[in-house]
Each structure stands twice: as C-alpha cells, then as structure tokens.
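Visitor: I have a structure I would like to understand better, so I am pasting it below and will then ask my questions one at a time.
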Amino acid sequence: MAEQGRKGTPKDVAEEPAVMETNLPSLPAPRRGKVRDIYNLGDRLLIVATDRISIFDVVLPTAIPDKGKILTQLSRFWYERTADIVPNHFLSTDVEEFPPPCRPYPLLFAGRSTLVRQANPLPVECIVRGYLAGSAWEEYGQTGSVCGVKVPAGLVESSRLDPPLFTPSTKGGYGEHDVNITFNQAAARIGSKLAERVRDLSVAIYERAHASAAERGIIIADTKFEFGFDDETGELILIDEVLTPDSSRFWPKDGYIPGWPQPSFDKQYIRDYLEVEGWNEWPPGPELPPEVVAQTRARYLEALERLTGSSPVAL
C-alpha cells in the first residue's frame, strides 16, 4: 500500500523526470513565460506547462515534478465548468488533435499541453480576494484598505471578505514583479467599461469556484485571472491558467480559523520556506532542497485530487 501523506494523498505516486523547458526542432522557438513554453502555430497556440515554479515572480532553478500536468488538468477542469460565464481559449489537451508538427512528441506533450485559440491579452491581471491574506493582509494592517478599497475595521488575518474584492495588478514579464493597482488605475489602462466587465466576470467565476471547492473541502482564498480578445472573433475570452495552485491560495476547509496564516495546498509553502531562509525576492532564485520539492508536489497533487476527484495516479 502506498504511504499516505496529508489527508490520504499518496506520497509515492510515480513521477516522471521534471520538465524545466522544451526546445522542439519541428516547431518554432517558443516564447517562455514564468511557467509555460508557448509555441505559435499560426492560427493557434500550443501551451506547454513545464515544471518550473515562480515565487515572487522569480523563476526558481529547481523544478517540481508533475506540476505542469497538475496545472493543465486543473485548468481544463475549470474551463469546462465556467464556459457559460465567459468563453475561454481552450481547444484540446488531446495530442492526437494537435497539428502534425506537434505529434512526434506524444510523451512530452501528454498531460501538460493545451491547444488554444490565439488572443491579444489585456495588460492587467484580474485578482479576486475572498479572504484577507498575503499582500492584502499586509496592506490592510498599514492602511485599512486593499488596493484602494476601504475594508471594514477590526478584521484579522485570513478573515473572509464578503463580498469578494476585485484587486487588479500589472502584468510583469519574465523575472519582473507584478504590482497591485487600484481599479481606477486599471480602468485608465484598459477603459472603464472593459475594467467593469472583467471585474464582474472575475468575481462571478470566483464565486462559482469557491462554492464548488467548498463542497470538496477546499477554501479558495484568492485567485488570479487573465483575459484577452480572440484574434478571430474579437470576443473577450478567459485565457491562461485558471484556479490552479500556482494562481490561487487553496486552504483546507476543515480547521479554518481566522486570526493567523492557514495551511495551504499551493506554493505558499515555498514562499514561507524562502522567507525563513532570508531570500530577498530578487533574481537569481535559490535552489530548493528535496524535502521542500516533495512537500510542494504532494500539496499540488492533493489539490488536484480534492477539487476534481481525479486520482493522482492518472498523472
């Protein structure tokens, strides 16, 4: 019997060698994001989720095995469950449906690659905060506000925010920090009507996901969405990853008590480790020890299993 980790998740699920980056001769050179390698196929994009991990917007030199597959499975899960709220760029994760130049790499692409529609991304990231944590908690302690939004007095760390707050940020490039901005600053970048639209869509997606996750024992404390305009139709669509441990804070619902930081199923575990180690949050990022890698992978696997009901063995 497999050794059991937190909440019954197998710790020794077989893992393949980590994928730090891809370079494929039959495809054009990829554009590398913090985690994803993006291949331009003309009218479509092929997004390959690597096992890189970005902390404080810095890509670390240590990979987390299977992370890209977990992100891909979770994003597909949520795309399918929020498409009635807003269309998205998802087309397929089936390698057999990819264009012919992609097919020589079935083992590499399987489970971690997504064929998507081309889109022109908005220059802001759409963050929804349902709980007072991270930079929101720090700002609240200093100003009583979060990204320019006045928040009731007397809250403690991890308090629920009802209704959730929409707090946009800038979109940093590879190795650059994102910066929180006010709604008015976002509106100045993309226009008031569009800012209002992505705000309303972001909150609607978050509220649906929050309710669904709660039924499976997870609190989605906050999350980040990205939107863009479809190159062919011009319609606004949801793009990039959706509601993953890379883009969200996932807390176990059982045992949730406001007043201090919560245990998590996301990369907060690495943030906490690096803060204790005294890293200054600027490149180059430090190497992670094997035990931190293993614990992070176990948390991501548990998030996948709880939220989707999929067995980690399916990886």
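The values are calculated or read from the model by the stated rules, or taken from the named source; none is laboratory data. Note that this is a predicted model, so its numbers are computed, not measured. So basically every Cβ, Gly included, is an ideal-geometry build from the backbone, and we count neighbours across all protein chains shown. The area values use the complete protein model at the heavy-atom level, side chains included, leaving out ligands, DNA and RNA. Shrake-Rupley method; radii C 1.70, N 1.55, O 1.52, S 1.80 Å.
Visitor: Considering 194, 243, which residue is of a type outside the set (Gly, Ala, Ser) and not in a loop (DSSP other than H, G, I, E, B)?
Guide: Of the residues listed, the single one that is of a type outside the set (Gly, Ala, Ser) and not in a loop (DSSP other than H, G, I, E, B) is 194.
Visitor: Then there's this: Can you go through 21, 15 and tell me which one is at pLDDT below 90 and of a type in the set (D, E, K, R)?
Guide: Result of the check over 21, 15: 15.
Visitor: Hey, another quick one. So, of the residues in region 83-102 that are of a type in the set (A, V, I, L, M) and open to solvent by 30 Å² or more (accessible area, probe 1.4 Å), which turns out to be nearest to residue 231 (Cα to Cα)?
Guide: 91
Visitor: What are the residue pairs meeting all of these: first residue in region 204-230, first residue on the phi > 0 side of the Ramachandran plot, second residue surrounded by fewer than 22 Cβ atoms within 10 Å (Cβ to Cβ), Cβ atoms under 7 Å, and 6 or more apart or on different chains?
Guide: 217/252; 217/253; 217/254; 217/306
Yes or no, residue by residue, for (1) over 17 Å from the mean Cα position of the chain (by Cα); (2) open to solvent by 40 Å² or more (accessible area, probe 1.4 Å):
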position: 167; (1), (2): no, no
position: 171; (1), (2): no, yes
position: 179; (1), (2): no, yes
position: 197; (1), (2): yes, yes
position: 215; (1), (2): yes, yes
position: 220; (1), (2): no, no
position: 227; (1), (2): no, no
position: 230; (1), (2): yes, no
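Visitor: So is residue 64 at pLDDT 95 or above, of a type in the set (A, V, I, L, M), open to solvent by 30 Å² or more (accessible area, probe 1.4 Å) and not in a strand (DSSP E or B) or not?
Guide: For residue 64, the condition - at pLDDT 95 or above, of a type in the set (A, V, I, L, M), open to solvent by 30 Å² or more (accessible area, probe 1.4 Å) and not in a strand (DSSP E or B) - is not met.
Visitor: Then there is this: Mind listing whichever residues of region 247-257 are surrounded by fewer than 21 Cβ atoms within 10 Å (Cβ to Cβ) and either farther than 23 Å from residue 162 by Cα or among the hydrophobic types (A, V, I, L, M, F, W, C) (or both)?
Guide: Result: 257, single match.
Visitor: Considering each of 239, 205 in turn, give the residue that is open to solvent by 10 Å² or more (accessible area, probe 1.4 Å), within 19 Å of the chain's Cα centre (by Cα) and either of a type in the set (A, V, I, L, M, F, W, C) or farther than 21 Å from residue 161 by Cα (or both).
Guide: 239
Visitor: Same structure, new question: How many residues, within region 108-146, are without any contact (Cβ under 8 Å) to a residue 24 or more places away in the chain and either farther than 19 Å from residue 248 by Cβ or polar (S, T, N, Q) (or both)?
Guide: First, the residues of region 108-146 that are without any contact (Cβ under 8 Å) to a residue 24 or more places away in the chain: 110, 137-138, 140-146.
Subsequent filtering for residues that are either farther than 19 Å from residue 248 by Cβ or polar (S, T, N, Q) (or both) retains 110, 140-145.
Result for region 108-146: 7.
Visitor: Shifting gears a bit: Which residues, taken from region 258-291, are open to solvent by 80 Å² or more (accessible area, probe 1.4 Å) and in contact (Cβ under 8 Å) with a residue 24 or more places away in the chain?
Guide: First, the residues of region 258-291 that are open to solvent by 80 Å² or more (accessible area, probe 1.4 Å): 260-261, 275-277, 280, 282, 284, 287, 290-291.
Of everything in region 258-291, those that are open to solvent by 80 Å² or more (accessible area, probe 1.4 Å) and in contact (Cβ under 8 Å) with a residue 24 or more places away in the chain turn out to be 260, 261, 282, 284, 287.
Visitor: Looking at (1) under 30 Å from residue 52 (Cα atoms); (2) surrounded by 19 or more Cβ atoms within 10 Å (Cβ to Cβ), can you tell me which one residue 161 breaks?
Guide: (1)
Visitor: Could we say that residue 257 is touching a Lys or Arg at 6+ places or on another chain (Cβ under 8 Å) and either part of a loop (DSSP other than H, G, I, E, B) or among the hydrophobic types (A, V, I, L, M, F, W, C) (or both) here?
Guide: Here the answer is no, as residue 257 does not meet what is asked.
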